[in-house]
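Novice: The structure is given below, and queries will be raised subsequently.
Every number in this text was worked out from the coordinates using simple rules, so none of it is lab data. The structure presented is a predicted model; accordingly, all values stated were derived computationally and were not measured. Here the Cβ is made from the backbone with ideal geometry for all residues, glycine too, and neighbour counts use every protein chain on show.
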Amino acid sequence: MFKKVKATTIILIIIVGSFITKKIINSNKSNDVAEIEHNNSEAKTDNEQKTPETGQNSLNQEVETKTTDSNNSEKIVTTEEKYLKQGYIQDPDNANQLMKKEIDKNGNERILYVNKHDDGFEPTRKTIKNAIEVLEMKRGLNPAEEISNLKPLDENLQENLMLMGNFRDAGNDLEIFFSPITDPNGTPLGEDMVCFISPKLKINIPKKPNQSILRADETGYAIVKFNDALYARFTWSYEKKRTLHGDILSLKNGAFHKTSSFVAEELSYSKGEVPKYCN
């Protein structure tokens, strides 16, 4: 009898113990769930509080961008004003340049030219490969016939603007200058200022109104007629520097033949590069 009671008691203890253990486990799970929900709630609150700050950061970034753009816009004006303060005036032959006369150490008068805009300006890029391909496509064409289908340089077209200014091909000792002739207000007068001088190539077209005719299309391809027997076709590229690539064409036995080619880079006045022949 005693053994049965003892066995029954042990079973009851096991059952009660199991019940208590289960309660403890369930209680711990409830606490864990509650803690997780509490943490999620805090995280959500933190995110909601941070949202306005993120919006403010975006606003600040936008303000900084606008300020930077404004500064860039002012930089162009400052560049021109800087040269004007140094005594430069508007070049009547080129709306994009300023000029200043000075006397060198030998007592000779010379004229300095500078770009009105910052040298950091980078137009839509056209590669050297692009320029060479254009000249290859034009090979064999008659320049006298081509020029009749082209138009005067238009300063409102960037593709035409890229052909204007002072360039030099050191290998051919060639200096180039192209620009429409304008009045002091920049209005074209219907004539072109052309300078194309190379003692090595035995070409001497000085920088003054002459009989040269300059024509171009909207892609930046151009032809200059020096006289009935001498032409040049050219276009531009812009990788490291603005560059003119061209072929010189001479009339022989009733047909035009390429006699030489040139690759002339824009002169950088800010680096002290000045014209040697096309002053």
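Novice: Just want to confirm a number: the relative contact order over the stretch 164-279, from Cα pairs under 8 angstrom separated by 6+ residues, in percent.
Specialist: Values: 247 pairs, mean separation 26.2, N = 116.
Dividing the mean separation by the residue count of the stretch 164-279 yields 23 percent.
Novice: While we're here: Based on the alpha-carbon gyration tensor of the stretch 124-271 and its eigenvalue square roots a ≥ b ≥ c, which shape applies: rounded if a/c is under 1.5, prolate if not and a/b is larger than b/c, or oblate?
Specialist: Working: a/c = 1.26, a/b = 1.14, b/c = 1.10.
Since a/c stays below 1.5, the shape of the stretch 124-271 is classed as rounded.
Novice: Please give the peptides 192-204, 82-94, 157-169 ranked by average Cβ packing (other Cβ atoms within 10 Å per residue), highest first, as a rough proxy for protection.
Specialist: Result, highest mean first: 157-169, 192-204, 82-94.
Novice: Hey, another quick one. Going by average Cβ neighbours within 10 Å, how do the peptides 261-274, 213-226 rank, with the highest at the top?
Specialist: Working: 261-274: 16.5, 213-226: 20.1.
Descending packing order for the listed peptides: 213-226, 261-274.
Novice: Please get the size of the charge dipole for the stretch 124-271, origin at its Cα centre, with Cβ charges of +1 on Lys and Arg and -1 on Asp and Glu, quoted in debye to the nearest 20.
Specialist: Values: 20 positive and 20 negative charges, 105 e Å.
Dipole magnitude for the stretch 124-271 comes out near 500 debye.
Novice: First select every other residue whose beta carbon is under 13 angstrom from the beta carbon of Phe177; then total the charges, Lys and Arg +1, Asp and Glu -1. Numbers along the way, then the final one.
Specialist: Values: positive: Arg168, Lys207, Lys208, Lys276; negative: Asp91, Asp93, Asp169, Glu175, Asp192, Glu266.
Around Phe177, the charge tally is -2.
Novice: Right, something else. Evaluate the charge dipole of the stretch 122-208 about its Cα centre and quote only its size in Debye, nearest 20, assuming +1 on the Cβ of each Lys and Arg and -1 on the Cβ of each Asp and Glu. Present the calculation step by step, with values, prior to reporting the outcome.
Specialist: Details: 11 positive and 14 negative charges, 71 e Å.
Here the stretch 122-208 has a charge dipole of around 340 debye.
Novice: Based on Cβ point charges of +1 for Lys and Arg and -1 for Asp and Glu, what charge dipole magnitude is obtained for the stretch 150-200 about its Cα centre, in debye rounded to the nearest 20? Write out the running numbers ahead of the final one.
Specialist: Values: 3 positive and 9 negative charges, 29 e Å.
Once rounded to the nearest 20, the dipole reads 140 debye.
Novice: While we're on this one: Taking 21 Å as the cut-off for C-alpha to C-alpha distance, list the pairs among Lys105/Lys208; Lys241/Lys276; Lys101/Lys225; Lys100/Lys240; Lys202/Lys240; Lys85/Lys240 that go past it. Provide the component values of the computation, followed by the final result.
Specialist: Working: Lys105/Lys208 25 Å; Lys241/Lys276 19 Å; Lys101/Lys225 30 Å; Lys100/Lys240 28 Å; Lys202/Lys240 29 Å; Lys85/Lys240 30 Å.
Result: Lys105/Lys208; Lys101/Lys225; Lys100/Lys240; Lys202/Lys240; Lys85/Lys240 exceed 21 Å.
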